[in-house]
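**Q** This structure is in structure tokens; I'll ask about it shortly.
The values are calculated or read from the model by the stated rules, or taken from the named source; none is laboratory data. If you're wondering where the values come from, they're calculated on a predicted model, not measured in any experiment. When we count neighbours, we look across all protein chains shown, and the Cβ atoms used for this are built from the backbone with ideal geometry, even at glycine.
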Amino acid sequence: MKKLNFLIIIIMLAVASCEKDNTSAASGDKTTSTSSTGQGGSLARFTTALDHMYVVDNSTLYTYSLADAAHPQLKGNINVGFNIETIYSYKDKLFVGSSAAMYVYSLADPAHPSKLGQASHVRSCDPVVANDSIAYVTVRGNTRCGGTTNALMVYDVKYITQPLLRKTVNMESPWGLGIKGNRLYVCNGYTGLNVYDITDPINPKLIKQLAGNTFYDVIMLDDLMVAMIEGGTALFELKPNDEISMTAKITN
């Protein structure tokens, strides 16, 4: 039950994104319709981008057309590896996290994702978020995924077919993460939430720690942060000067 409310919120955000796209298309705004990317947590197993929804199971990536959002149409499926954990979309790319690697897929043809490259590392569960040139990955040890490393890893993905590990930041118990502007929000399990300044993207600088809750994953939405925490789902307002204030909580 811990993930139920969070999953509902993710689905609502994905549907809202699709409805917004369809409305824009109906009014003649084709740019919004073809360039949208759905908001989802970094621990999510599905995401939306470019009028399509992408879903992963343990080894397979499924592609659904959302041209008619009320009736998703399966367009195909491909094998992406094994022990697949997460999927994250950014513009025309998919970043797929597994227990052994981060896979990068091109959406040049949204109905048929094609593999561009991968970055292998120690076995851990791997949430991923990314922007134009950097991908941030968390690895957590002592889990069903194996491994003993607990860290935030920074990959240079400027040359997308050759992701390069540029920085490793040791952490206590990293889970999901999210990006908003020049801030990176990393759930650090029982120790709370870490906020990093990524003005220098390769060298995250810890500027704030939010204690008091066990954080598992976050969704960044304008000036709000939806967080999956121990015992339920919480809504936080992101204020100036990196102030973070809880405004609502849904308990399991």
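**Q** I need a count of the residues in region 202-211 that are farther than 17 Å from residue 181 by Cβ and surrounded by 14 or more Cβ atoms within 10 Å (Cβ to Cβ).
**A** Going through region 202-211, the residues farther than 17 Å from residue 181 by Cβ turn out to be 209-211.
Within this subset, residues satisfying the condition of being surrounded by 14 or more Cβ atoms within 10 Å (Cβ to Cβ) are 210.
Going through region 202-211 one residue at a time, the tally reaches 1.
**Q** Of all residues being in a strand (DSSP E or B) and β-branched (Val, Ile, Thr) in region 212-250, which is surrounded by the most Cβ atoms within 10 Å (Cβ to Cβ)? Just the residue, please.
**A** Our first condition is that a residue be in a strand (DSSP E or B); within region 212-250, this holds for 215-221, 224-229, 232-239, 243-250.
Filter once more, so that each one left must be β-branched (Val, Ile, Thr): 218-219, 226, 229, 233, 244, 247, 250.
Working: 218: 29, 219: 22, 226: 22, 229: 23, 233: 24, 244: 15, 247: 10, 250: 14.
Among them, the one singled out is 218.
**Q** Scan region 124-145 for residues that are more than 20 Å from residue 217 (Cα to Cα) and modelled with pLDDT under 80 and jot them down. Write out each step before concluding.
**A** Here is the first cut: in region 124-145, the residues more than 20 Å from residue 217 (Cα to Cα) are 132-133.
Correct list: 132 only.
**Q** Keeping to region 188-211, report how many residues are part of a strand (DSSP E or B) and at pLDDT 95 or above.
**A** Of the residues in that region, 11 qualify.
**Q** Among 230, 172, which is touching a residue at least 24 places away in the same chain (Cβ under 8 Å) and of a type in the set (Asp, Glu)? Give the derivation first.
**A** Numbers: 172 fails: touching a residue at least 24 places away in the same chain (Cβ under 8 Å).
Going through 230, 172 in turn, the sole match is 230.
**Q** Of the residues 188, 150, 182, 194, which single one is farther than 21 Å from residue 101 by Cα and crowded, with 18+ Cβ neighbours inside 10 Å?
**A** Numbers: 188 fails: farther than 21 Å from residue 101 by Cα; 150 fails: farther than 21 Å from residue 101 by Cα; 182 fails: crowded, with 18+ Cβ neighbours inside 10 Å.
Result: 194 is the single residue among 188, 150, 182, 194 that is farther than 21 Å from residue 101 by Cα and crowded, with 18+ Cβ neighbours inside 10 Å.
**Q** Conditions: (1) assigned to a loop (DSSP other than H, G, I, E, B); (2) closer than 23 Å to residue 178 by Cα. Residue 61 meets all but one. Number of the miss?
**A** Only one criterion is unmet by residue 61, namely (1).
**Q** Go through region 73-109 residue by residue and tally those that are crowded, with 17+ Cβ neighbours inside 10 Å, without any contact (Cβ under 8 Å) to a residue 60 or more places away in the chain, outside any strand (DSSP E or B) and not hydroxyl-bearing (Ser, Thr, Tyr).
**A** Total satisfying the criteria: 4.
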